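What follows is a short report on a single structure.
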Amino acid sequence: MPKIGRKVKIFSALEVANICGVVNQTAINWIKNGYLKAFTTPGGQYRIYAKDLAAFLDNRGMADSGDVLQVLMERANWGVLLIAADEAENNRIHNELARFLPEFSFIQAFDGFELGLKMAGEKPGFVLLDLDLPGINNQKFVQLLKEDPVYGKPYILAVGSNLEDKNFQVLSGYIDKIFLKPVDSETIYKFIKNLEKLTDAIA
């Protein structure tokens, strides 16, 4: 498991009951009957991981409250980095970052269609996006990743050839860091490692 990642959120049976709008005993019954996965503390209290609660809520169609959306935001895979760039550059960045970050899993996307599919299926915690990759509306894409909790609000690292472009200024509110081409993989690696402190602070 990589060190980088937001702290794991754990709920009590009472918190689950409050989120779902039921009494505490109902949540306990869900656990006892195997509908909701949980573990017990040394004192015998039930505790539920956010990912297990999110799966339960999805299965029950209960995703309409602020608390539920917060649970769904826990879904990003914080040990996974998706690289979206053309094939040659993608492979170069992948090979270099894989040496720097051996504890990470890497996904590669070479066009907008593939990028959308892999974001939906894998929900990586980090996305490295080439802003010059064709077939992508960068503004809509990064806004979707940051505002739709189903994607887990990943960190978005972007690379571009012209940082003075006005479109980049619009994107800056959604992108966590923009790097100038040519890509320096070591600089990206150092930035990712520094995010460990940030994730601890906002968890």
Kindly sort K177, K118 by accessible area of their heavy atoms, largest first, with the probe set to 1.4 Å. K177, K118
Based on Cβ point charges of +1 for Lys and Arg and -1 for Asp and Glu, what charge dipole magnitude is obtained for the range 107-154 about its Cα centre, in debye rounded to the nearest 20? 200
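With a 1.4 Å probe and every protein chain kept in, tell me what percent of the accessible surface of the range 76-118 is carbon plus sulfur. Can you show the working numbers first?
Values: 1060 of 1980 Å².
C and S fraction of accessible area: 54 percent.
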Per-residue SASA entry for R47, accessible area with 1.4 Å probe, Å² rounded to 10: 70
Please list F191, F100 in order of solvent-accessible area, largest first, computed with a 1.4 Å probe with all protein chains present. F100, F191
Going by amide H atoms built from the backbone, whose H comes under 5 Å of the H on L36, apart from near neighbours? I31
Mind ranking I178, I48 by accessible surface for me, highest first, 1.4 Å probe? I178, I48
Calculate the spin-label point distance for M62 paired with L14, positioning each point 7 Å from the Cα along the beta-carbon direction, and give it in nanometres. 1.7
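The values are calculated or read from the model by the stated rules, or taken from the named source; none is laboratory data. Remember, predicted model here, so these are calculated numbers, not experimental data. Here the Cβ is made from the backbone with ideal geometry for all residues, glycine too, and neighbour counts use every protein chain on show. Ligands, DNA and RNA are excluded from the accessible area calculation, which covers all protein heavy atoms including side chains. Shrake-Rupley method; radii C 1.70, N 1.55, O 1.52, S 1.80 Å.
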